[in-house]
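**Q** The following block contains the structure, expressed as structure tokens.
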Amino acid sequence: MKYDEWISGLDLVDAGKEMRRLIVEMYPICRSITGEGLRETLRIIGNIVPLELYEVPTGTPVFDWHIPKEWNVLDAWVKNSRGEKVIDFRRSNLHLVNYSLPVREKVPLEELKKHLFSIPEYPRWVPYRTSYYKETWGFCLSHEQLASLKDDIYEVHIDSTLEPGSLTYGEFFLPGETTDEVLISCHACHPSLCNDNLSGLSLATTLAKRLGNISRRYSYRFLFIPGTIGSIAWLSKNEYRLPLVKHGLVVDSIITGST
């Protein structure tokens, strides 16, 4: 099928529904720049387009960066002295600062507040915070919730691991009539955030699937990578490919409408 025929026959409503289903499936996963959440996301995408997966070990030099330790998390919460969860990772994975160290201790409110993050100008929003390259821990919550915390002793529990492992990324290549490439990348490392960047993941996946059904002048290379460090890791291993890349696009934070 040629491009003009493909465009005229494309069902945009069906494509939109397909992308929404993919977002719904991936939304609950706690992703990061490394770890099982990232791998699970790539496995889901790999069921739609055949990804080639790469693992880059912790400590690998990539230009003037190094691949960080691998982070995984099972659970995290803060309880008051009555045993009530006042912050709960299971309720929203945005509540935990991404890459938080494992913690099990009791602290007074004054000490706890040093590890809490909110957005005063948007009192009902829960911010997204990370600590990829500084070993610490923290929780995010709405400013309204922060203001409601009473002077108390709080139990902090973060069931996470930060240890040598690897960084994972996926690649899908569609050969064309020429070796000239269009490089399309998207970030696969953000947790439950629909616009940033589940929208980009779903659009890139759907585009990759549909481009496989038409004849192509250019070759297309799709990268599903963690932000910044994933791009650096790919470039460090594929610098020799750059003369072939004639066009590039980062699919990130696509504005989505409601239905």
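**Q** Please list, ordered by chain and number, the residues whose modelled amide H lies under 5 Å from the amide H of Y154; skip anything fewer than 5 residues away on the same chain.
**A** Result for Y154 returns V107, L109.
**Q** Now, a different point. Based solely on its DSSP helices, what 222 nm [θ] is calculated for the chain when runs of n ≥ 4 H residues each add -39,500 (n - 2.57) and the sum is averaged over all residues, nearest 500 deg cm²/dmol?
**A** -7000 deg cm²/dmol
**Q** Specify the inter-centroid distance of region 155-189 and region 225-250, based on alpha-carbon positions, in whole Å.
**A** Centre-to-centre (Cα) distance: 11 Å.
**Q** Additional query: Amide H neighbours of Y220 under 5 Å, counting only residues 5+ apart in sequence or on other chains, H built in-plane at 1.01 Å?
**A** L174, G176, V182
**Q** Compute the signed sum of charges (Lys and Arg +1, Asp and Glu -1) over the other residues within less than 12 Å, Cβ to Cβ, of Y128. Kindly include the intermediate steps, with their values, before the conclusion.
**A** On the way: positive: R31, R129; negative: D196.
Around Y128, the surrounding residues sum to +1.
**Q** Which residue fluctuates the most in the chain, going by a Gaussian network model with Cα springs under 10 Å, if the choices are S131, S231, S185?
**A** S131
**Q** Of I214, V182, V56, which is farthest towards the positive pole of the chain's charge dipole, taken about the Cα centre with +1 and -1 on the beta-carbons of Lys, Arg and Asp, Glu respectively?
**A** I214
**Q** Rounded to the nearest angstrom and ordered from largest down, what semi-axes does the equivalent ellipsoid of region 89-206 get from its C-alpha gyration tensor (root of 5λ)?
**A** Its equivalent ellipsoid spans semi-axes of 38, 18, 10 Å.
**Q** While we're on this one: Show me, for region 78-83, the HN-Hα J-couplings you get by feeding each phi into the Karplus relation (A = 6.51, B = -1.76, C = 1.60, θ = phi - 60°), rounded to Hz, glycine and proline as x.
**A** Karplus-based 3J(HN,Hα) across region 78-83 equals 10, 10, 7, 5, 8, x Hz.
**Q** In addition: For region 25-160, just the Cα atoms, rotate onto the principal axes and tell me the three extents in Å, largest first.
**A** For region 25-160, the Cα spread along each principal axis is 52, 33, 30 Å.
**Q** What list do you get for W65, W137, W234 if you sort them by fewest beta carbons within 10 Å?
**A** Taking fewest neighbouring Cβ atoms as first place, the list is W65, W137, W234.
**Q** Another one. In region 10-112, which trypsin sites (Lys or Arg not before Pro) fall in coil by DSSP and have 13 or fewer other Cβ atoms within 10 Å?
**A** Taking region 10-112 and a limit of 13 other Cβ atoms within 10 Å, the loop trypsin sites (Lys or Arg not before Pro) found are R82, R90, R91.
**Q** Past 25 Å, Cα to Cα, is the threshold; run K114/K134; K106/K134; K69/K209; K69/K150 against it and keep the listed order.
**A** Exceeds cut-off: K69/K209; K69/K150.
**Q** Roughly how large, in nm² to one decimal, is the mean projection of the convex hull of the alpha-carbon atoms in the chain?
**A** Mean shadow area of the hull around the Cα atoms is 15.6 nm².
**Q** Per residue of region 143-154, in order, report the coupling 6.51 cos²θ - 1.76 cosθ + 1.60 (Karplus, θ = phi - 60°) as ³J(HN,Hα) in whole Hz, putting x for Gly and Pro.
**A** Each residue's phi maps through the Karplus curve to give 5, 4, 5, 4, 5, 7, 5, 8, 5, 6, 9, 10 Hz.
**Q** Please state the charge dipole magnitude for region 70-163, taken about the Cα centre, from unit charges on C-beta atoms (+1 on K and R, -1 on D and E), reported in debye and rounded to the nearest 20.
**A** Approximately 220 debye in magnitude.
**Q** Out of residues 5 or more away from A76 or on other chains, whose amide H comes under 5 Å of its own, with H placed 1.01 Å from N in the peptide plane?
**A** F89, R90, D159
**Q** Please build a GNM for the chain, connecting alpha carbons under 10 Å apart, and tell me which residue among L12, L244, L112 fluctuates the most.
**A** Comparing L12, L244, L112 in the GNM, the peak value goes to L12.
**Q** Can you give the Kirkwood hydrodynamic radius of region 18-62 from its Cα pairs, in Å with one decimal?
**A** Value: 11.9 Å, from the Cα pair sum.
**Q** While we're looking at this one, here's another question. Can you tally the net charge around D180? Count Lys and Arg as +1, Asp and Glu as -1, for every other residue whose Cβ sits under 14 Å from the Cβ of D180.
**A** Summing Lys/Arg as +1 and Asp/Glu as -1 gives +3.
**Q** Oh, and also: How large is ³J(HN,Hα) for each residue in region 210-217, as worked out from phi by the Karplus curve 6.51 cos²θ - 1.76 cosθ + 1.60 (θ = phi - 60°), to whole Hz, x for Gly and Pro?
**A** 6, 5, x, 9, 10, 6, 10, 6
Read the figures in this text as sums done on the coordinates, not as results from a lab. These figures come from a predicted structure and were not determined experimentally. Please note: Cβ atoms are built from the backbone with ideal geometry, for glycine as well, and neighbour counts cover all protein chains shown.
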